[in-house]
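Chemist: Attaching a single structure in structure tokens format; questions to follow.
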Amino acid sequence: MINKLLLATGNSHKVFEIQAIFGNSLSVLSLKDLGYSGDIPEDQTTLEGNAREKAEWVFERYRLPCLADDTGLEVTALGGRPGVYSARYAGETDKAFQSEANIAKLLKEMSGITDRTARFRTVLAYVDPQGFIRFFEGIVCGEIADSPRGSAGFGYDAVFIPEGFTQSFAEMTPEGKNEISHRGKAIKAFAEWLQLFSQAGNRDI
Ligand code: IMP
């Protein structure tokens with residue numbers, strides 16, 4: 001079993017969410033912990049392509065088992081947009097205002113639309129210590145709210161209401177969101193695989 005996992009992200013929300021899932025069993029490091037605060041290349045046209053690109057880029061530099069994620073918000077009435085382009089949906093803005101701008105654009109595009117169904121999809125790419133890559137996926141279905149609600153989380157959390165709930169992701173605790181979220185599901189699939197694979201003793205991972 002590996003004891004350190006390097007995340008191909010500088011997003012502290014993601015590090016927090018992922019560390020919470022592993023608890024003490026694994027030490028989750030971010031690129032910031034290793035002194036890197038620049039960007040990671042992410043210029044593919046699919047979530048899988050971006051996750052692979054980020055994981056391989058980081059593994060090349062640090063040679064540590066590495067996990068990269070890419071997530072998209074796929075809105076039914078918008079034909080699956082913004083999807084892989086969720087991060088800069090409203091165009092490049094000051095980082096501090098990017099989420100607000102993205103949400104404002106989404107609500108504008110959705111105005112008058114009654115089908116508000118959407119889903120978050122996360123693809124994880126894991127590069128093991130030998131450089132082999134594997135993919136994991138997590139999906140959560142839900143609806144786009146009429147206006148932002150709540151102040152927790154990040155990105156589109158304030159306008160996403162997961163199926164079976166009345167609160168938005170931004171109105172939930174981090175633990176509550178992790179339990180049902182796209183990234184939570186993908187990480188759990190990865191964690192289960194990691195444990196099974198280690199127990200099987202197939203190879204030192
Ligand atoms: P990323 O490339 O995986 O960071 O995801 C692309 C964009 O999707 C982010 O910039 C956020 O706007 C949005 N996003 C990703 N994960 C979440 C989430 O858990 N909640 C809300 N928005 C998210």
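The values are calculated or read from the model by the stated rules, or taken from the named source; none is laboratory data. Since this is a predicted model, take the numbers as computed values, not measurements. So basically every Cβ, Gly included, is an ideal-geometry build from the backbone, and we count neighbours across all protein chains shown. Calculation scope for accessible area: heavy atoms of the full protein, side chains included, ligands and nucleic acids excluded. Shrake-Rupley method; radii C 1.70, N 1.55, O 1.52, S 1.80 Å.
Chemist: So which residues in the range 112-121 are surrounded by 13 or more Cβ atoms within 10 Å (Cβ to Cβ) and polar (S, T, N, Q)?
Modeler: Hit for the range 112-121 is Thr117, nothing else.
Chemist: Within the set of pairs 6 or more residues apart or between chains, which connect a residue that is among the hydroxyl-bearing types (Ser, Thr, Tyr) inside the range 43-71 to a residue that is surrounded by 19 or more Cβ atoms within 10 Å (Cβ to Cβ) and assigned to a helix (DSSP H, G or I) with Cβ atoms less than 8 Å apart?
Modeler: Short answer, once both residue conditions are applied: Thr71/Leu47; Thr71/His182; Thr71/Arg183.
Chemist: Right, here's the next one. Would you check which residues across the range 135-154 are loosely packed, with under 15 Cβ neighbours inside 10 Å and closer than 30 Å to Trp57 by Cα and list them?
Modeler: Within the range 135-154, just Ile139 meets the criteria.
Chemist: Ok, one more. Which ones in the range 129-165 are outside any strand (DSSP E or B) and under 19 Å from the mean Cα position of the chain (by Cα)?
Modeler: Ser151, Ala152, Gly153, Phe154, Gly155, Tyr156, Asp157, Ala158, Val159, Glu163, listed by residue number.
Chemist: Tell me whether the range 134-152 contains one or more residues that are among the β-branched types (Val, Ile, Thr), farther than 29 Å from Ala55 by Cβ and touching a residue at least 24 places away in the same chain (Cβ under 8 Å).
Modeler: yes
Chemist: Count, please, the residues in the range 105-128 that happen to be closer than 27 Å to Gly176 by Cβ and within 18 Å of the chain's Cα centre (by Cα).
Modeler: 9
Chemist: Based on what the data block shows, is Ala125 small (Gly, Ala, Ser), in contact (Cβ under 8 Å) with a residue 40 or more places away in the chain and closer than 17 Å to Ala51 by Cβ?
Modeler: In short, yes.
Chemist: For the range 161-178, state whether one or more residues are under 18 Å from Ala77 (Cβ atoms), surrounded by fewer than 19 Cβ atoms within 10 Å (Cβ to Cβ) and more than 16 Å from the ligand (Cβ to nearest atom).
Modeler: no
Chemist: Next question, about the same structure. Just the residues that are β-branched (Val, Ile, Thr) and at pLDDT 95 or above, please, taken from the range 59-96.
Modeler: Thr71, Val75, Thr76, Val84
Chemist: From the list Thr76, Thr9, exactly one residue is under 25 Å from Val159 (Cβ atoms) and over 18 Å from the mean Cα position of the chain (by Cα). Which is it?
Modeler: The match here is Thr76.
Chemist: If I ask for residues that are aromatic (Phe, Trp, Tyr) and open to solvent by less than 20 Å² (accessible area, probe 1.4 Å), which ones from the range 122-134 would you list?
Modeler: Within the range 122-134, just Tyr126 meets the criteria.
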